[in-house]
Amino acid sequence: MSDQLRWVKSSYSDSEGGNCVEVALSAAVHVRDSKTPAGPELHVTAPAWTAFVSAVQPGA
């Protein structure tokens, strides 16, 4: 499944190998560590992802 997805790295990820998160959209939202692309992925529903992003935004 991962090979068919278009992964996008977070704009907050740095080039120093720090915190790197990638997200891909399909019927679900897929999240993985960009340093380990063959590693595990988290799959969540779009509403759950929206709630998560809203909760972690500064000032929320």
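Some observations on this one:
- Cβ-Cβ distances below 6 Å connect the following pairs, each with a first residue in the stretch 37-56 that is closer than 13 Å to residue 26 by Cβ, a second residue that is charged (D, E, K, R) and at pLDDT 90 or above, and a separation of six or more residues or different chains: 41/32.
- Of the residues making up the stretch 11-20, one or more are open to solvent by less than 60 Å² (accessible area, probe 1.4 Å), modelled with pLDDT under 95, touching a Cys at 6+ places or on another chain (Cβ under 6 Å) and in a loop (DSSP other than H, G, I, E, B).
- Looking across 55, 24, 51, 38, one residue alone is part of a loop (DSSP other than H, G, I, E, B), out of contact with any helix residue (DSSP H, G or I) (no Cβ under 7 Å at 6 or more places or on another chain) and at pLDDT 90 or above. It is 38.
The values are calculated or read from the model by the stated rules, or taken from the named source; none is laboratory data. Keep in mind the model is a prediction, meaning the values are calculated, not measured. Cβ atoms come from the backbone with ideal geometry, glycine included; neighbour counts cover every protein chain shown. Keep in mind that these areas ignore ligands, DNA and RNA; they rest on the heavy atoms of the full protein, side chains included. Shrake-Rupley method; radii C 1.70, N 1.55, O 1.52, S 1.80 Å.
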